[in-house]
Amino acid sequence: MRKSLAVLSACVVVSVTIAGCSAKSSGSNGSETSYVAGDGSTVLLATSKRGQPIALTGTTLEGEPLDIAAWRGDVVVVNLWASWCGPCRSEAVTLEKSFKELSTKQVHFLGLNTRDGLAAALAFSNRFPTGYPSIQDQDGALTLAFGNLGPAATPSTLILDRQGRVAARILGPVSEAQLRDVTLAVVEEK
């Protein structure tokens, strides 16, 4: 019994790992292609495949209320991070550079801190400062707003279109070029 449980567990881990390494992506002409980017998959959804607008409200790490509904009409980059996540530390500089570059193109950035206490989140934020706000998702409830496109791990980045719908998802650490290319593809949509 124990041996078959161990084999089943190993199969599940391998299946999840393989599934996380490829994704279907819709190109600008609506055709679907599969590719791998970075440590995880990148999915760019055709506009006809996008769901309902995402509602994210919370309190920033500095104690200010924030509701991304105020950003409708602009593209929003949401990055899930945690203080204990090594790759999150690595990509913090990349995200800050991308924020500075893309904020001139009607793009907002939001950090979504997951499963940290406020003290740990603030310590991370002080060590890796960003010019954009972060809100806490200590119990994972905000992550559920993304439905089946919701990231299962940190770091993950989701790009919301001008209507607030998930347009793209990048699993794993993101590079500056990767984030710029995917975000600009969403910005340039008609």
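Which of the residues that make up the range 103-126 are in contact with a Lys or Arg (Cβ under 9 Å, 6 or more places away or on another chain) and at pLDDT 95 or above?
PHE124
Inspect the range 88-102 for any residue being within 19 Å of ASP67 (Cα to Cα) and hydrophobic (A, V, I, L, M, F, W, C) and give the result as yes or no.
Yes, the range 88-102 has at least one match.
Filter the range 50-109 for residues that are touching a Cys at 6+ places or on another chain (Cβ under 8 Å) and either within 15 Å of VAL186 (Cα to Cα) or of a type in the set (Phe, Trp, Tyr) (or both) and give the result.
TRP81
Considering only residues that are out of contact with any strand residue (DSSP E or B) (no Cβ under 7 Å at 6 or more places or on another chain) and surrounded by 14 or more Cβ atoms within 10 Å (Cβ to Cβ), which ones fall in the range 119-137?
Residues satisfying the conditions are ALA120, LEU122, PHE124, PHE128.
Identify, please: which residue in the range 53-73 is within 17 Å of the chain's Cα centre (by Cα) and assigned to a loop (DSSP other than H, G, I, E, B) and is, among those, surrounded by the fewest Cβ atoms within 10 Å (Cβ to Cβ)?
Only one residue tops the list, namely ALA55.
How many residues are part of a strand (DSSP E or B) and either in contact with a Pro (Cβ under 6 Å, 6 or more places away or on another chain) or among the basic types (Lys, Arg) (or both) if we restrict to the range 74-109?
Count: 2.
The values are calculated or read from the model by the stated rules, or taken from the named source; none is laboratory data. Predicted, not measured: the structure shown is a model, and the values here were computed from it. Note that each Cβ is placed from the backbone with ideal geometry, even for glycine, and that neighbours are counted across all protein chains shown.
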